[in-house]
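The values are calculated or read from the model by the stated rules, or taken from the named source; none is laboratory data. Just so it is clear, the structure is predicted and the values come from calculations on it, not from any experiment. Note that we place each Cβ from the backbone using ideal geometry, even for glycine, and neighbour counts take in every protein chain shown.
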Amino acid sequence: MNDLPQKRNPKILGQKRVPILPATERLAHFQRMLGTSKKFNYMTGGARFIENWRHSLYKGRKNFLIDLRKSYYESPLSVAVIYNKSERKRGDKEERLFEARLAFSGKTVIIKAFQGFRGQTEQIKDFENTVKEPIANHVIREIEAQAKELGYKQVKIIMPRGLEAYHDPNFYTSLRYRAKTLYNERLLRDLSPAEEKEFRGLLEVERERVKQRIEKLYYGVAMGLQYKAEGNYFVKKL
């Protein structure tokens, strides 16, 4: 089920349904969704951003929407790139290509994490061909531009070492070759001491591979967008 009410934009999308939340309803919606508990207090300073956020629409082979969405893990709020999985079916479930999870502190927008989603390679390529730059760069540029207009002074992106996924990655579903074979065997029977040792060694190799991939992504995006390393964050003054 979509997080937001459905609204058509016939000038851009014709009869194709993309979920868009009217600006006049946005803040109240997210206040209801996040509640007045610790989760919304965590967003202190974000009301102006939420209330005034302007969605963006792009037409490639599919229609793409960049808008606010409910999120999980590092933050309950994200700026996400979404599309309808099958535009031939009315009300079909939306799919996320990418999201940047946000927090706020005074006049600072904090990107607590960003990621693309598995199984969306073709759609991400379509989006990137449409906007002429990598999906992460484009979304963060949109966040920067709107934050600056609203009076925020800087954007911070957390460094990889601050991510839970960096220290404890969930990579079991992406194991390959011998590691995958041993993992599947381990679900059915006790491995021999030699197999268990081999499996743990392969897991450590995979863990390091994941860390390197995260570092390459975050450092590449931050440096490409001219952020500077400060403490546990990449920082850019607006």
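Quick look at the values:
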quantity: Checklist (1) out of contact with any Leu (no Cβ under 7 Å at 6 or more places or on another chain); (2) in contact (Cβ under 8 Å) with a residue 12 or more places away in the chain; (3) assigned by TED's automatic domain parsing to the domain that holds Gly116; (4) part of a helix (DSSP H, G or I) applied to Gly151, failing item; calculated: (4)
quantity: Test: residue in region 167-177 that is over 28 Å from the mean Cα position of the chain (by Cα) and either outside the structural domain of Tyr152 (by TED's automatic domain parsing) or touching a residue at least 40 places away in the same chain (Cβ under 8 Å) (or both); calculated: yes
quantity: Hits in region 104-135 (condition: in contact (Cβ under 8 Å) with a residue 24 or more places away in the chain and touching a Phe, Trp or Tyr at 6+ places or on another chain (Cβ under 6 Å)); calculated: Lys107, Val109, Phe127, Thr130, Ile135
quantity: Region 110-146, residues that are of a type in the set (D, E, K, R), surrounded by 15 or more Cβ atoms within 10 Å (Cβ to Cβ) and not in a helix (DSSP H, G or I); calculated: Lys112
quantity: Conditions (1) surrounded by 13 or more Cβ atoms within 10 Å (Cβ to Cβ); (2) at pLDDT 95 or above; number of the one not met by Gln226; calculated: (1)
quantity: Arg161, sole failed condition from (1) assigned to a helix (DSSP H, G or I); (2) over 25 Å from Gly119 (Cα atoms); (3) free of Cβ contacts under 8 Å to residues at least 40 places away in the same chain; calculated: (3)
quantity: Meets criteria (outside the structural domain of Tyr166 (by TED's automatic domain parsing) and either free of Cβ contacts under 8 Å to residues at least 40 places away in the same chain or within 19 Å of Lys216 (Cβ to Cβ) (or both)) for Arg141; calculated: no
